[in-house]
Every structure is written in C-alpha cells, then in structure tokens.
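Okay, here's the structure, questions in a sec.
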Amino acid sequence: MNEFDPFIVARTVDLNLDDGTPVRVRPIVPTDRERIEEGLRELSPESRYLRFLRSIDHLTSSELSYLTNVDYFDHFAWVALDTSDNRGMGVARYARLEGETAEAAVVVLDRYQHRGLGAILLRLVAETAYAHGIRRFRAWAAPRNTVVMRLIERWHLDRRAEDGTMVIDIPLPLPETPLAESSLYESLREVAAGRIEPYL
C-alpha cells in the first residue's frame, strides 16, 4: 500500500486549520516511517512522555513497523501533512484490543498544537473506528496531561488509576462538539468512509 493506492486516495482530503494552515490528511502507509521518526525528534521531551508514557528518544525498527504497517480495520491510523513541505504534523490511531474496544491515541507536533488539528484527528479516527465496529476507545494518559483531563471533565468519562497512569474509557460515537456541527465534520465523515472525491 502506498499514498497513490486507490484506497488511500479515496480517503485523502485537503483542509485548513483554524488559523488557515493548509493540511492534507490521509491514512498512514509504510513509507511514512521516516515521517514518524522525524516527528518524534520534533516533539518536546514532555510531549514524547505524554504520548508514550515514558522517556523516549527513538523508535525501534519493530515499533516503526507496527506504527506504519496497519490493516486498516483492526488497526488504523491517520496522518496529517503540511502541504507546504509534505512534513508530518500529527497522527491519530486506534488498535483493537478485544471485541468492540480499541486503544486510541492522538499526537500533534508541538508547533502545530492549539490550531484545531487534534480535534480533527480525534473525530476522524473515532468515525473510522465506529464504522469498523468499535464502540469504546480506551486510552492511557498521564495525570498531568491537561488536554485529556479537560476531556474527562467535559465529557464525564469513566477513568481509573493504574500504575501511575489514568485509564480512560470513551464511548463511541463521541459526544457532540462545535466541530461535530460543522460542514467540516460532514467532510470528515465522508473521508472516513472513503466516499469523498479524490484530491488528485
């Protein structure tokens, strides 16, 4: 699978963030390995810790393979690319744990945070997961992750402490937000289903 495969092209969309930054979003492909490595280097130590729940400065070859070789059903990931230079901006993924439950994670590079990209990626991965039979996301987060803690309070999510982390269960579909009421959201739903006109 590559970015020009019809499956990928049918799920690729160009959009603008809140500040007008142009972004291309598409399913991840194996050749994104270098983007994932580069993105990890660009993350601050704090952002790396919040994503991986450990100090990390590189990914092993097997970790990169796991992150980029997905089956697009039980394991699916979306990447966001800066259309000006085709560099990675963020990734959202889910991986089925069992039955209707999947682990989920979203990461946005520090310089692209607070522009609405995280919300877009979360909505997109949630729509995709729901279409594939997932009814609950489970996420592991550090108690100091203020973004996740705000979501817990806003959405009244179930959570529990486990080995120094917070385990959060997020029912799908996600609660309504301003994004869910926008025309962009309808486009994201079409992208998740592969029903949008290709960007090429």
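The values are calculated or read from the model by the stated rules, or taken from the named source; none is laboratory data. Everything numeric in this text was worked out from a predicted model, so none of it was measured. Positions of Cβ are backbone-derived with ideal geometry, glycine not excepted, and every protein chain shown enters the neighbour counts.
Looking only at segment 133-144, which residues are crowded, with 20+ Cβ neighbours inside 10 Å and either assigned to a helix (DSSP H, G or I) or in contact (Cβ under 8 Å) with a residue 40 or more places away in the chain (or both)?
The first filter runs over segment 133-144 and keeps only residues crowded, with 20+ Cβ neighbours inside 10 Å, leaving 134, 137, 139, 141.
Residues satisfying the conditions are Ile134, Phe137, Ala141.
Let me ask another. Only residues in segment 100-125 that are charged (D, E, K, R) count as the first member; pair them with residues that are crowded, with 22+ Cβ neighbours inside 10 Å and modelled with pLDDT under 95, Cβ under 6 angstrom, at least 6 apart or cross-chain, and list the lot.
Arg123/Leu188
Given the structure, is Tyr130 surrounded by fewer than 22 Cβ atoms within 10 Å (Cβ to Cβ) and either free of Cβ contacts under 8 Å to residues at least 12 places away in the same chain or touching a Gly at 6+ places or on another chain (Cβ under 9 Å) (or both)? Steps first, answer last, please.
On the way: surrounded by fewer than 22 Cβ atoms within 10 Å (Cβ to Cβ): yes; either free of Cβ contacts under 8 Å to residues at least 12 places away in the same chain or touching a Gly at 6+ places or on another chain (Cβ under 9 Å) (or both): no.
When the stated conditions are applied, Tyr130 does not pass them.
Quick one: is Ala161 at pLDDT 90 or above, more than 17 Å from the chain's Cα centre (by Cα) and either assigned to a helix (DSSP H, G or I) or over 23 Å from Val79 (Cα atoms) (or both)?
Details: at pLDDT 90 or above: yes; more than 17 Å from the chain's Cα centre (by Cα): yes; either assigned to a helix (DSSP H, G or I) or over 23 Å from Val79 (Cα atoms) (or both): yes.
It is true that Ala161 is at pLDDT 90 or above, more than 17 Å from the chain's Cα centre (by Cα) and either assigned to a helix (DSSP H, G or I) or over 23 Å from Val79 (Cα atoms) (or both).
Here are some residues: Gly99, Gly90. Which one is within 29 Å of Asp169 (Cα to Cα) and in contact with a Leu (Cβ under 7 Å, 6 or more places away or on another chain)?
On the way: Gly99 fails: in contact with a Leu (Cβ under 7 Å, 6 or more places away or on another chain).
After applying the criteria, what remains is Gly90.
Could you list, in sequence order, the residues of segment 49-81 that are modelled with pLDDT of 95 or more and under 17 Å from Asp110 (Cα atoms)?
Scanning segment 49-81 gives Val79, Ala80, Leu81.
Can I ask one more? Can you tell me how many residues within segment 71-91 are touching a helix residue (DSSP H, G or I) at 6+ places or on another chain (Cβ under 9 Å) and under 14 Å from Phe7 (Cα atoms)?
Step one: of segment 71-91, the residues touching a helix residue (DSSP H, G or I) at 6+ places or on another chain (Cβ under 9 Å) are 72, 75-82, 86-91.
Then keep just the ones that are under 14 Å from Phe7 (Cα atoms); that gives 72, 76-78.
Residues that pass the stated criteria total 4.
Going through segment 127-151 one residue at a time, which ones are modelled with pLDDT under 95 and of a type in the set (A, V, I, L, M)?
Matches in segment 127-151: Ala131, Ala139, Ala141, Ala142, Val147, Val148, Met149, Leu151.
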